[in-house]
Amino acid sequence: MTDQANQRQKFWRRYIFSVDHKVIGLQYAVTALVFLLFGFILMLIMRWQLAYPGEVVPVVGSLLSESGILTPDLYNSFGAMHGTIMIFLGVVPLAVGGFGNYVLPLQIGAPDMAFPRINMASYWAYFLGGVTMLASFFLPTGAASSGWTSYPPLSVIANTGETVWLVGMALLITSSLLGSINFITTVIQLRTRGLTWMRLPFFVWAQFVTAFLLLLAFPPLEAAAFLQLMDRLAGTSFFLPSGLYVGGEVLEASGGGSPLLWQHLFWFLAHPEVYVLILPALGIVGEIIANNARRPLWGYRSMVYSVIFLGFMSFIVWAHHMFLTGMGTTMAAFFQTTTMIISIPSVIILSALFISLWGGSIRFTTPMLFALGFLPMFGIGGLTGLPLGLASSDIHLHDTYYVIGHFHYVVAPGTIFALFAGIYYWFPKVTGRKMNERLGRIHFWSSIIFMNGVFMPMFVQGLAGVSRRLYDGGLAYLHAQPVLHWNKFMTVSAILLSLSQIPFIVNLILSIRKGKEVSSNPWEATTLEWAAAPSPPVAHGNFTQVPEVYRSAYEYNVPVGGAVKEFFPQNEPGES
């Protein structure tokens, strides 16, 4: 479609039901940011309850209950929905649907995704799934309350919100399957001439492996979701054991079901899901570090092989989440071993990113600050995960705040920092303008300080044995008393963290119209989205001329004819 033909399209076709991958990427990104904000607000309310149990919640208390206090039932719902929203509606759609959709076709020189209409259907399935999830808050019985893992038998006998949660999950999984098929086909079929596998930007490799994880891991969970729906609505008992007492009476079920079956099916998806969160983040950070260190990515091939190995290994470690279920020592030893092995490629990638900085002429731009902030935060998240991969320590730490701290270091100061880095980095590509650097630095420094203020004390509480599922934060337990004061510290940090996002929101909105106008390649980058496409790219086609690739992705400060060339775009002919 020509640019003129695109201009003639009606508004709803151009911006609402568009098949242009860039518009769909922005739809994913904006929707995911809104969901992230909502999930963050739920977290703030829960943190208030933990710090000041039984006290009226400021500002929104009247919306929560007549007394203005967060009730135990509502606390359970907020916990379940916070986890679901942040992972399935926020981080993954932003990392894969947003960045993947917008950047990947540009980086491989493709005019669009392989299946544009399926791409559009993927976004709308995601949107409907998200709306369905949020609508459950308005049910008379409230939203789902069995945690983001929806463990049976509690989830099977829980309120109607759980049914709506399962329907929403089915829509979200359908969206992911449609998207992953599209990503895989696009990378295999639509790479431009000269773009061999080992010339692909690292971001493309990360998205490619992520798409395989989604394609292979989600079907078991979708099947499990339908089985649990049947348990709830059709009287089956796939996950309900015989002789279950509910309210003092034996629950009538057809018998023979196993709650452990759900755990196996759930974690077979949920552990690869961790890498669905991490791999795109690593891809974003790799792009930004290479560009701002003005050096090629050190050990590019080893990073690529590590990403592939990570993807493979992520399918055979799921049961380390289930040491408490009483698995035998042989099986436990197997999953402990594989869990230790999967840490090796992660260490290789992280080390390669650190080494890439060595000897570089580093530009401390806002995206680079967030990318650098990602490295130690992700490192803390990874290292604190090692004790959870060993049965002896996991049994003590299971379901404590230590687990929450570990996971959030991977996802919050880790992955979300990478997503912020990506927003600042590719904003000029989308708008032709740069975001304000001063506001960006304020955003970064305040965020990194207060994020650590929120999550670091969780390790202290977890090591003291404080359970993560207590409505009062541990007030009723003697062993929790010495570490309860950290709840107030974390809550104040969380409030300050929320204020830290104001410069980002202001910057994002103002820069769309009043940001400094820049050239099509303001970062002097080498990859095709900067070197070959205008900013913003051409609608429905991306490029004014089909690009051809002559070299690898990161040729910065390479020797050319006795001199050093600062950057060598992939589409520029010549020997380096």
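The values are calculated or read from the model by the stated rules, or taken from the named source; none is laboratory data. Only a predicted model underlies this, so the values are computations on that prediction, with no experimental measurement involved. A quick note on method: Cβ atoms are made from the backbone with ideal geometry, for glycine too, and the neighbour counts reach across all protein chains shown. Calculation scope for accessible area: heavy atoms of the full protein, side chains included, ligands and nucleic acids excluded. Shrake-Rupley method; radii C 1.70, N 1.55, O 1.52, S 1.80 Å.
Would you mind stating whether Phe202 is of a type in the set (Phe, Trp, Tyr) and either closer than 21 Å to Phe315 by Cα or open to solvent by 10 Å² or more (accessible area, probe 1.4 Å) (or both)?
Criteria not met by Phe202.
Taking the criterion of being without any contact (Cβ under 8 Å) to a residue 60 or more places away in the chain and surrounded by fewer than 24 Cβ atoms within 10 Å (Cβ to Cβ), would at least one residue in segment 415-437 satisfy it?
no
Restricting the search to segment 328-345, which residues are in a helix (DSSP H, G or I) and either small (Gly, Ala, Ser) or more than 24 Å from the chain's Cα centre (by Cα) (or both)?
Thr329, Thr330, Met331, Ala332, Ala333, Phe334, Phe335, Gln336, Thr337, Ser343
How about segment 124-154: which of its residues are part of a helix (DSSP H, G or I) and open to solvent by 10 Å² or more (accessible area, probe 1.4 Å)?
Within segment 124-154, Trp124, Ala125, Phe127, Leu128, Val131, Thr132, Leu134, Ala135, Phe137, Phe138, Leu154 qualify.
Residues Leu104, Leu94: which one is in a helix (DSSP H, G or I) and more than 22 Å from Ile41 (Cβ to Cβ)?
Leu104
Of the numbered conditions (1) open to solvent by 10 Å² or more (accessible area, probe 1.4 Å); (2) at pLDDT 95 or above, Gly440 satisfies every one except a single condition; which is it?
Tallying (1) open to solvent by 10 Å² or more (accessible area, probe 1.4 Å); (2) at pLDDT 95 or above, Gly440 fails exactly one: (1).
For segment 350-384, enumerate the residues that are open to solvent by less than 50 Å² (accessible area, probe 1.4 Å), β-branched (Val, Ile, Thr) and farther than 20 Å from Ile404 by Cβ.
Selection gives Thr365, Thr366.
Before we move on, is Leu177 hydrophobic (A, V, I, L, M, F, W, C) and either in contact with a strand residue (DSSP E or B) (Cβ under 6 Å, 6 or more places away or on another chain) or assigned to a helix (DSSP H, G or I) (or both)?
Considered against the rule, which asks whether it is hydrophobic (A, V, I, L, M, F, W, C) and either in contact with a strand residue (DSSP E or B) (Cβ under 6 Å, 6 or more places away or on another chain) or assigned to a helix (DSSP H, G or I) (or both), Leu177 comes out as yes.
Residues being within 23 Å of the chain's Cα centre (by Cα), open to solvent by 30 Å² or more (accessible area, probe 1.4 Å) and free of Cβ contacts under 8 Å to residues at least 60 places away in the same chain: count how many of those fall in segment 479-500.
So the answer is 2.
Sort out which residues of segment 43-81 are buried (at least 19 other Cβ atoms within 10 Å of the Cβ), free of Cβ contacts under 8 Å to residues at least 60 places away in the same chain and assigned to a helix (DSSP H, G or I), and write them in order of number.
Result: Ile45, Met46, Phe78.
Take the residues of segment 313-327 that are among the aliphatic types (A, V, I, L, M) and in a helix (DSSP H, G or I): which is most open to solvent (accessible area, probe 1.4 Å)?
The selected residue is Leu324.
What about Gly194, is it touching a helix residue (DSSP H, G or I) at 6+ places or on another chain (Cβ under 6 Å) and either of a type in the set (Gly, Ala, Ser) or modelled with pLDDT under 95 (or both)?
Against the criterion (touching a helix residue (DSSP H, G or I) at 6+ places or on another chain (Cβ under 6 Å) and either of a type in the set (Gly, Ala, Ser) or modelled with pLDDT under 95 (or both)), Gly194 does not qualify.
Is there a residue being at pLDDT 90 or above, open to solvent by less than 10 Å² (accessible area, probe 1.4 Å), of a type in the set (Gly, Ala, Ser) and within 18 Å of Phe378 (Cβ to Cβ) anywhere in segment 329-345?
No - not one qualifying residue is present in segment 329-345.
Would a scan of segment 400-407 turn up a residue that is open to solvent by less than 10 Å² (accessible area, probe 1.4 Å), of a type in the set (Val, Ile, Thr), outside any helix (DSSP H, G or I) and under 30 Å from Gln501 (Cα atoms)?
Among the residues of segment 400-407, at least one is open to solvent by less than 10 Å² (accessible area, probe 1.4 Å), of a type in the set (Val, Ile, Thr), outside any helix (DSSP H, G or I) and under 30 Å from Gln501 (Cα atoms), which makes the answer yes.
Kindly check whether there is at least one residue in segment 553-568 that is under 30 Å from Pro116 (Cα atoms), of a type outside the set (Lys, Arg), surrounded by 21 or more Cβ atoms within 10 Å (Cβ to Cβ) and in contact (Cβ under 8 Å) with a residue 40 or more places away in the chain.
yes
So if I check each of Leu229, Leu269, Leu251, Leu233, which one is over 30 Å from Gln207 (Cβ atoms), modelled with pLDDT under 90 and either among the hydrophobic types (A, V, I, L, M, F, W, C) or open to solvent by 10 Å² or more (accessible area, probe 1.4 Å) (or both)?
Answer to the check: Leu251.
Out of the residues in segment 285-312 that are of a type in the set (D, E, K, R) and touching a strand residue (DSSP E or B) at 6+ places or on another chain (Cβ under 9 Å), which is least open to solvent (accessible area, probe 1.4 Å)?
Restricting to residues being of a type in the set (D, E, K, R) and touching a strand residue (DSSP E or B) at 6+ places or on another chain (Cβ under 9 Å), the top hit is Arg294.
Answer yes or no as to whether Tyr102 is farther than 30 Å from Pro241 by Cα, touching a Lys or Arg at 6+ places or on another chain (Cβ under 7 Å), of a type outside the set (A, V, I, L, M) and touching a residue at least 60 places away in the same chain (Cβ under 8 Å).
When the stated conditions are applied, Tyr102 passes them.
Taking the options Ile505, Ile509, name whichever one is free of Cβ contacts under 8 Å to residues at least 12 places away in the same chain and over 30 Å from Met456 (Cβ atoms).
Within the list Ile505, Ile509, the selection yields Ile509.
Run Thr526 past the list (1) open to solvent by 10 Å² or more (accessible area, probe 1.4 Å); (2) within 27 Å of Asp112 (Cβ to Cβ) and report the number of the one that doesn't hold.
All conditions are met except number (1).
Give me the pairs, please: first residue somewhere in segment 249-272 and within 13 Å of Ala319 (Cβ to Cβ), second residue anywhere and aliphatic (A, V, I, L, M) and not in a helix (DSSP H, G or I), beta-carbon distance under 8 Å, and either six or more positions apart or on two chains.
Short answer, once both residue conditions are applied: Leu260/Met322; Gln263/Met322; His264/Met322; Trp267/Met322; His271/Val317.
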